[in-house]
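> Here it is, the structure, as structure tokens.
Since every read-out is calculated from the coordinates, none of them should be taken as a lab result. These numbers come from a predicted model, not from an experiment. We place every Cβ from the backbone using ideal geometry, glycine too, and count neighbours over all the protein chains shown.
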Amino acid sequence: MTNFAAYRGIMLCLLICLTGSIFLVLALAASSQGNWSAIVLALAGVSGLCALVLRRLHSGADYLCIVFVSVAYGAAVVIAHERFLAYPGAALAGLFAVQSMALLGSAQAHRLRLAPVPALIGISLLAAYILVAVLAPILAPFPEAQIVGPKYAPRGAEFLLGTDNLGRDMLSRLIYATRNTIAISLLATILGFVAGTATGLLAATIGGWVEGALGRFVDVAMAIPQLIFALLVLTLTGTSITALIFVIGFVDSTRVFRLVRSVSSSVLALDFVEAARLRGEGYFWIMRREVLPNVVAPLLAEFGMRFCYVVLFISSLSFLGLGIQPPDADWGSMVRENAGLISYGEIAPLLPAAAIALCAIAVNLVVDWFLYQASGLKS
């Protein structure tokens, strides 16, 4: 329980940010029909939850809130396709930056300052990705889909990375691809994580026919190859952002379910849980107060792994033509569209591939640091 006390703020921050991201997921269907008021309501919900975090928490956990809420805001900008949303997003990011600087004197921020070099590298890379994602409309020299020059124009002062097969600026598309890929991957990961964690805790705590039914359903779902399942469903439903998020979220939730059920079953066998049952505590109280606090460390590690997996999965689907659709850019589709340039010694197709690799490395470095801190080991 000591380790949980140290990371209680982080867990609360995660739960609040997960709830805020659900607002965005529910707004996807309405946004596809042009109902932008749903996006505004979603942003209001996220902003309100963020304000709650910043008022209630006074520790290094706010740094994690900055990461999640900033990417969630960037996801809303992706969905709305409106440049004006990026400007309040930039202002919000500035407020978060001020808040994080104010935390430098706290005990939790002291841990951040003493973090090992690999963790600092990972945090810096993630911060760079988030800034690019949130401020993409401001940083990009050209609009995402605008044809600004001849096909395959060389690198130069006007086009720093040249142009693609249609004459679109490669640098601009790489910036927008960062925003699209990270935002959609985060939403899909959060959706799968919430569903898998909730059902896994429920199955482990209640047991009986509930655990059996959920377990058999997950076994059947996992028996189908993930890529084939996603290709089949996306072919039937269409390759919209809504369908992409829900399909990947469902595929992801089955893996999370198995992990949560396994680690929760181990915790439920301990004496303090049995004491809670003898006191007459209900299932949900036991899940919230006894089980969940003791499975935070593996859940944090799994979240990082799942996010990396989703980034790779979305990029794979886009490379096959069933991910994020043109004219929207993402890392996988950029590799596919410009693969022919590799034969001519151009590095442009390798940049989105390098972005995928760096993102995965950064997430794993940060997750390893969190696990080391949660283990209670001394440097």
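> Please list, ordered by chain and number, the residues whose modelled amide H lies under 5 Å from the amide H of R168; skip anything fewer than 5 residues away on the same chain.
V148
> Okay, next question. Which value in nm describes the separation of the simple spin-label points at A353 and I147, placed 7 Å from the Cα toward the beta carbon?
Inter-label distance under the simple model: 2.8 nm.
> Of the peptides 285-295, 202-212, how do they stack up when ordered by the mean number of other Cβ atoms within 10 Å, highest first?
Numbers: 285-295: 17.9, 202-212: 15.9.
Answer by packing, highest mean first, reads 285-295, 202-212.
> In whole Hz and in residue order, list the ³J(HN,Hα) couplings for region 139-145 that follow from phi through the Karplus curve 6.51 cos²θ - 1.76 cosθ + 1.60, θ = phi - 60°; x for Gly and Pro.
With the stated coefficients, region 139-145 comes to 6, 5, x, 9, x, 4, 10 Hz.
> What are the ³J(HN,Hα) values, in whole Hz, obtained from phi via the Karplus relation 6.51 cos²θ - 1.76 cosθ + 1.60 with θ = phi - 60°, for each residue of region 236-246 in sequence order, with x given for Gly and Pro?
These are the phi-based 3J(HN,Hα) values: 7, 8, x, 9, 7, 5, 4, 4, 4, 5, 6 Hz.
> Within region 200-234, name every residue whose backbone N is under 19 Å away from a label modeled 7 Å from Cα of R279 along the Cβ vector.
Within reach of a label on R279: 205-206.
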